[in-house]
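See below for the structure under consideration.
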Number of protein chains: 2
Amino acid sequence: MFTRTVTLGASALILAATAMAQEAAPLDAAIESTTKVLIQQGLNDDVGLKFVEDLTTEVGQRLAGSESEARARDWSVAELEELGFDNVRVETFEIPFWSRKSESVAVMGESAQPLVATALGGSAPTPKGGVTAEVVRFESLYDLQQAPISKVDGKIVFIDEGMIKTMDGSGYGMAVRKRSQCAKVSVEKGAVACLIRSVGTQPHRMPHTGIMARDGAEAEGAVAAISGPDADQLTRLLERGPVTVSVDIQTEIKTNAPSGNVIAELTGTDLKDEIILLGCHLDSWDLGTGALDDGAGCGIVVGAAMLIAGLDERPRRTIRVVLYGAEEVGLFGATAYAREHGDDLDKHVLASESDFGAGPIWRFQTRFGEAALPYARTIQNLLMPLGVTPDDNRAFGGPDIGILARAGVPVVTPGQNGMDYFDYHHTPDDTFDKIKPAEFRQNIAVYAAFAYIAAETGWDFRRQPDPEEIGTE
Amino acid sequence: MFTRTVTLGASALILAATAMAQEAAPLDAAIESTTKVLIQQGLNDDVGLKFVEDLTTEVGQRLAGSESEARARDWSVAELEELGFDNVRVETFEIPFWSRKSESVAVMGESAQPLVATALGGSAPTPKGGVTAEVVRFESLYDLQQAPISKVDGKIVFIDEGMIKTMDGSGYGMAVRKRSQCAKVSVEKGAVACLIRSVGTQPHRMPHTGIMARDGAEAEGAVAAISGPDADQLTRLLERGPVTVSVDIQTEIKTNAPSGNVIAELTGTDLKDEIILLGCHLDSWDLGTGALDDGAGCGIVVGAAMLIAGLDERPRRTIRVVLYGAEEVGLFGATAYAREHGDDLDKHVLASESDFGAGPIWRFQTRFGEAALPYARTIQNLLMPLGVTPDDNRAFGGPDIGILARAGVPVVTPGQNGMDYFDYHHTPDDTFDKIKPAEFRQNIAVYAAFAYIAAETGWDFRRQPDPEEIGTE
């Protein structure tokens with residue numbers, strides 16, 4: 001996951017109660033019956049899990065713009081064709097490419113010792129051999145922003161802001177700001193490098209990478225994340241006196257590198273021009289194998305689509321699976337998709353995206369037209385036995401489909417329990433073994449259910465209230 | 001901890017019952033009262049915890065034979081003198097020195113990807129640029145030992161043997177054999193390198209280092225541990241077909257490097273020639289900061305001794321704290337101590353060692369003469385309120401004092417709960433934040449209690465049964 005808008009959601013309980021008060025739209029008995037079968041099949045699915053296992057094992061990491069991401073596209077095309085999808089294709093685009101060559105951070109002097117660090121995506125290289133300077137610590141990005149130049153000039157900045165563990169990932173929005181902004185603010189004030197406390201929620205010496213704000217391939221400054229225990233260590237050393245640190249980051253930069261979105265479809269019948277889009281992203285960070293972020297999402301949407309493909313008849317609308325490229329480094333695949341399909345957005349009747357790991361879905365948000373809310377209620381009713389709470393109509397969509405949602409495409413967001421997501425996110429630990437199969441399969445059941453209903457009913461999720469209805473209120 | 005003999009201990013419950021059936025020796029009321037005060041002080045102690053915090057922060061890692069270990073000796077001498085110990089000194093010796101320069105392990109070919117690896121202590125370097133060969137996997141060291149040369153010759157061996165999590169660390173004894181022997185057995189059969197599943201119990205991509213069998217500074221073969229998730233990944237790849245891996249390990253070797261034992265005492269009164277030895281080791285592996293292994297042990301014995309130093313009067317016997325050097329790389333400090341003090345072992349009336357992390361003590365083993373068991377019972381009675389179960393008279397002692405125990409010195413082993421110890425042991429994650437203060441302080445209470453009783457009573461823990469007593473049975 002690249003970034004995520006925070007939904008504070010006044011009180012989920014009240015919103016859920018509101019959703020439940022909404023009358024459900026009637027659903028054809030055969031559709032309901034098939035949905036229930038799909039849910040049961042989802043809970044026992046192996047196709048989706050195998051997809052993630054194979055992708056993360058046979059391809060491994062898939063850094064955007066790299067040879068590995070290209071291999072992942074080839075691999076996905078072959079796999080999706082083998083599974084029987086229609087119109088499997090790649091829509092290519094170019095991106096600015098960044099990769100790490102090496103990074104090392106060490107305390108110098110009497111307490112000389114290495115710190116465990118990882119360069120942030122987009123970090124500029126330091127001069128060869130690194131930079132060495134005294135550390136100045138700030139408790140927050142805000143404090144750095146407020147600091148006078150005299151305090152920062154010539155120093156190595158250290159922002160020691162923490163991150164809170166939450167189910168909905170809302171702690172990330174705040175914590176990630178320092179990742180994005182440290183270089184820019186530091187460089188403006190004359191710092192020679194920046195260190196941040198790793199944006200994550202685990203106590204291991206395993207720092208989290210992630211993209212920083214940049215213009216083109218490379219950001220202005222050199223930035224590395226140090227792990228939580230290393231941030232604690234550096235803080236303890238600073239309590240004892242001035243600390244000098246050396247930072248050596250070497251990176252590779254290319255202006256243009258290939259990326260692409262992999263697209264595959266289950267062609268519909270009488271409404272085949274209307275699209276249900278199920279998204280995920282194929283690229284990953286370089287440190288892990290991108291199992292939770294976002295191999296799982298791809299396994300979930302592919303697995304769900306394959307369950308629908310296994311029905312006796314294709315549903316009326318087309319189900320389009322999009323494995324976006326280059327999400328992590330700036331949502332390039334999302335932008336490319338919107339550019340490529342901009343004239344066709346009214347044909348996108350519903351979009352959803354899985355990009356928050358493999359935890360169980362605990363709530364179901366929508367962003368439908370007001371008059372279409374009974375459809376949300378019908379779907380939510382059918383998901384309740386899976387432990388999914390009906391939630392509000394303020395779904396953000398997700399990083400990759402956010403651009404579609406903002407253009408008016410109706411979206412649903414099945415909200416996963418992400419309590420542990422930021423323990424692994426963007427670290428070497430994002431590997432296949434972290435996926436819990438039963439939880440992962442519950443996701444497939446949810447996606448198969450709502451995608452099938454949306455594809456088979458022909459419901460218009462954009463539907464606004466009838467002006468006359470409004471008049472009578 | 002370097003290595004540990006496994007005590008399977010038929011049934012701890014039965015042994016505990018046996019211990020409890022043993023009559024306790026009477027204890028002077030003033031000694032009992034002071035012991036109880038020491039226990040309460042131990043549970044609130046800050047000196048021991050501060051010692052670990054300062055050591056691991058201000059010195060950091062302390063690889064045996066390195067400049068860092070030398071700094072740790074200087075630091076410890078200054079600290080122990082500052083705390084008021086007597087006769088603070090270093091007994092130096094020389095060791096073969098090994099250190100890592102770099103290591104990288106990567107899958108080659110279609111599924112090209114890096115594996116997270118750490119060279120084992122003593123690993124020979126590969127030729128510059130590494131070796132590349134097909135992998136041959138064995139489920140155990142035993143299977144490798146049984147394999148024909150034709151299966152191994154020219155290959156990279158991979159031993160994928162797991163480790164079970166246990167409270168007493170007994171899973172380590174078996175799992176560590178592959179770490180010790182892989183190079184030797186592989187090289188004999190013509191392998192070009194060896195990879196082992198990391199000897200540890202956590203699911204993170206954080207492999208555990210540790211020493212391997214060697215003759216001198218450098219072992220015969222190049223060996224690296226790969227993390228559990230990487231071992232799983234390699235196994236999944238091997239299920240799909242042959243796998244070629246490159247292994248590049250570069251190391252630094254010196255024949256002779258300085259190490260030493262740091263010794264500090266609380267001189268006794270009328271029995272000052274008699275010694276209660278409390279041990280730990282000052283060196284650590286290079287990846288973490290050696291907080292659990294074995295900064296904690298040093299904090300515990302120093303903290304306990306300092307509580308006794310705070311009493312109005314010194315106890316009768318001398319309490320000697322020994323911070324052993326170069327434990328991890330082959331118990332060189334233990335050997336040096338035995339050599340230096342070999343003529344004086346009869347004056348060592350009791351020895352104990354803390355080298356199994358900072359978990360709470362749950363049992364108390366002794367190795368006393370049979371007739372001295374009532375003393376064990378008395379001590380055990382006083383420790384029961386701390387949740388410590390009386391245990392058997394088959395204490396091993398510990399890695400560093402094992403040599404004394406085998407020479408007849410009575411020992412006690414306060415058994416810590418090591419369920420999580422091998423999650424951190426020999427990894428970058430062995431840092432100060434992993435110590436839980438309340439559990440750590442319970443250790444100080446236990447050590448202060450038995451050390452004080454042993455020093456003040458003048459009891460002879462070597463005491464064998466009176467021949468006449470035996471005759472009357």
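The values are calculated or read from the model by the stated rules, or taken from the named source; none is laboratory data. What you see is a predicted model, and the numbers here were worked out from it, not measured in a lab. We place every Cβ from the backbone using ideal geometry, glycine too, and count neighbours over all the protein chains shown.
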*asked:* Checking B:LEU311 against (1) crowded, with 22+ Cβ neighbours inside 10 Å; (2) in a loop (DSSP other than H, G, I, E, B); (3) among the aliphatic types (A, V, I, L, M), only one condition comes out false. Which one?
replied: (1)
*What residue, among those in segment B:177-194 that are surrounded by 24 or more Cβ atoms within 10 Å (Cβ to Cβ), in contact (Cβ under 8 Å) with a residue 40 or more places away in the chain and under 25 Å from B:THR166 (Cβ atoms), is farthest from the other protein chains (Cβ to nearest Cβ)?*
B:CYS182
*Considering only segment A:205-230, state which residues are part of a loop (DSSP other than H, G, I, E, B) and within 9 Å of chain B (Cβ to nearest Cβ).*
A:ARG205, A:MET206, A:SER227
*The listed residue being over 24 Å from the mean Cα position of the chain (by Cα), within 13 Å of another protein chain (Cβ to nearest Cβ) and modelled with pLDDT of 95 or more, out of B:GLN233, B:GLN202*: B:GLN233
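Answer with yes or no whether B:GLY129 is out of contact with any helix residue (DSSP H, G or I) (no Cβ under 6 Å at 6 or more places or on another chain) and either surrounded by fewer than 20 Cβ atoms within 10 Å (Cβ to Cβ) or of a type in the set (A, V, I, L, M) (or both).
Numbers: out of contact with any helix residue (DSSP H, G or I) (no Cβ under 6 Å at 6 or more places or on another chain): yes; either surrounded by fewer than 20 Cβ atoms within 10 Å (Cβ to Cβ) or of a type in the set (A, V, I, L, M) (or both): yes.
Here the answer is yes, as B:GLY129 does meet what is asked.
Return the only residue of B:ILE263, B:ILE226, B:ILE253, B:ILE211 being modelled with pLDDT of 95 or more, touching a Pro at 6+ places or on another chain (Cβ under 9 Å) and hydrophobic (A, V, I, L, M, F, W, C). Talk me through it step by step, then tell me what you get.
Values: B:ILE263 fails: touching a Pro at 6+ places or on another chain (Cβ under 9 Å); B:ILE253 fails: modelled with pLDDT of 95 or more; B:ILE211 fails: touching a Pro at 6+ places or on another chain (Cβ under 9 Å).
Exactly one residue qualifies, and that residue is B:ILE226.
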*Run A:ASP248 past the list (1) on the phi < 0 side of the Ramachandran plot; (2) of a type outside the set (Val, Ile, Thr); (3) touching a Leu at 6+ places or on another chain (Cβ under 9 Å) and report the number of the one that doesn't hold.*
(3)
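Yes or no: A:ASP46 surrounded by fewer than 14 Cβ atoms within 10 Å (Cβ to Cβ), within 20 Å of B:ASP232 (Cβ to Cβ) and either of a type in the set (Ser, Thr, Tyr) or at pLDDT 95 or above (or both)? Before you say what the answer is, go through the steps one by one.
On the way: surrounded by fewer than 14 Cβ atoms within 10 Å (Cβ to Cβ): yes; within 20 Å of B:ASP232 (Cβ to Cβ): yes; either of a type in the set (Ser, Thr, Tyr) or at pLDDT 95 or above (or both): yes.
Judged against the criteria, A:ASP46 is a match.
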*So which helices (runs of 4 or more DSSP H) are wholly in segment B:359-473 and hold at least 3 residues that are more than 30 Å from A:ARG205 (Cβ to Cβ)?*
B:373-383, B:402-406, B:437-457, B:467-472
*Taking interchain pairs and intrachain pairs at least six residues apart, which have beta carbon atoms under 7 angstrom, with the first residue in segment B:411-435 and within 14 Å of chain A (Cβ to nearest Cβ) and the second part of a loop (DSSP other than H, G, I, E, B) and of a type in the set (Lys, Arg)?*
B:PRO428/A:ARG205; B:ASP429/A:ARG205; B:THR431/A:ARG205
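Any residue that is at pLDDT 95 or above and within 14 Å of chain B (Cβ to nearest Cβ) - is there at least one of those in segment A:82-99?
Residues of segment A:82-99 at pLDDT 95 or above: A:82-99.
Next, only the ones that are within 14 Å of chain B (Cβ to nearest Cβ) stay: A:99.
Scanning segment A:82-99, I find at least one residue that is at pLDDT 95 or above and within 14 Å of chain B (Cβ to nearest Cβ), so the answer is yes.
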*Unique match (being of a type outside the set (Ser, Thr, Tyr), at pLDDT below 55, surrounded by fewer than 19 Cβ atoms within 10 Å (Cβ to Cβ) and assigned by TED's automatic domain parsing to the domain that holds B:LEU83) among B:ALA29, B:ALA17, B:ALA21*: B:ALA17
